[in-house]
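A.B. asks: Take a look at the following structure, please.
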Amino acid sequence: MKQAFLMLLALIAMFQIGYYLLGYQAVYQVAYGAITLMAMMIAATFLWLFVVRATPLALGMAYSWAGAGFVLGWWWLFNLNGQPLWLRESPVLFAFLPFYFVGAVLHFAVIHRSFGLHGAAFLLPVIGAVGLSAGIYLLV
């Protein structure tokens, strides 16, 4: 996986160079657009893998990547359109976040089963994450 790490370093450098040469908005808009489109392609691929029963994690990955695509795409379009007031607190975003949540729950269920466990204990990390997030919100 040395190549993946080197690719990561190269992309970090490219994003920073792009920032200095083109500015924040140009790099942000192109990068968010690209990752949104790639996320949706990856989600479709994992959905296909689920349909052909290639891997038990495929459905969780499809939901997770669809969530990434929808949420990142939402922010991309929100910023691309100048952060219009009518989108600032639109409940439509809350139709996209559940894709992430379902993907996470399915991942925890598969991880739980991979340890040979059964029952609903796989929900504990989900409940813990929501509880911790709510606690931090209340403190801030």
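The values are calculated or read from the model by the stated rules, or taken from the named source; none is laboratory data. Keep in mind that what you see is a predicted model, and the values were worked out from it rather than measured. Virtual Cβ from ideal backbone geometry, glycine too; neighbours counted across all protein chains shown. Side chains are part of the model used for accessible areas, which takes the heavy atoms of the whole protein and leaves out ligands, DNA and RNA. Shrake-Rupley method; radii C 1.70, N 1.55, O 1.52, S 1.80 Å.
A.B. asks: I want to confirm something. Restricting to segment 12-24 and keeping residues that are assigned to a helix (DSSP H, G or I) and open to solvent by less than 70 Å² (accessible area, probe 1.4 Å), which single residue is nearest to residue 71 (Cα to Cα)? So that I can check it myself, show each step before the final result.
C.D. replies: Going residue by residue through segment 12-24, those that are assigned to a helix (DSSP H, G or I) are 12-22, 24.
Applying the additional criterion that residues be open to solvent by less than 70 Å² (accessible area, probe 1.4 Å) yields 13, 18.
On the way: 13: 25, 18: 24 Å.
Only one residue fits best here, namely 18.
A.B. asks: Shifting gears a bit: Within segment 48-89, track down each residue that is over 30 Å from residue 25 (Cβ atoms), open to solvent by 50 Å² or more (accessible area, probe 1.4 Å) and of a type in the set (A, V, I, L, M).
C.D. replies: 51, 52, 54, 57 - these are the residues of segment 48-89 that are over 30 Å from residue 25 (Cβ atoms), open to solvent by 50 Å² or more (accessible area, probe 1.4 Å) and of a type in the set (A, V, I, L, M).
A.B. asks: Considering every residue within segment 25-47, establish whether at least one is touching a helix residue (DSSP H, G or I) at 6+ places or on another chain (Cβ under 9 Å), at pLDDT below 95 and surrounded by fewer than 10 Cβ atoms within 10 Å (Cβ to Cβ).
C.D. replies: Within segment 25-47, none of the residues are touching a helix residue (DSSP H, G or I) at 6+ places or on another chain (Cβ under 9 Å), at pLDDT below 95 and surrounded by fewer than 10 Cβ atoms within 10 Å (Cβ to Cβ).
A.B. asks: If you don't mind, there's one more thing I want to ask. Taking the condition of a type in the set (A, V, I, L, M, F, W, C) and more than 12 Å from the chain's Cα centre (by Cα), does residue 43 pass? Quick ask: steps written out before the conclusion?
C.D. replies: Working: of a type in the set (A, V, I, L, M, F, W, C): yes; more than 12 Å from the chain's Cα centre (by Cα): no.
Judged against the criteria, residue 43 is not a match.
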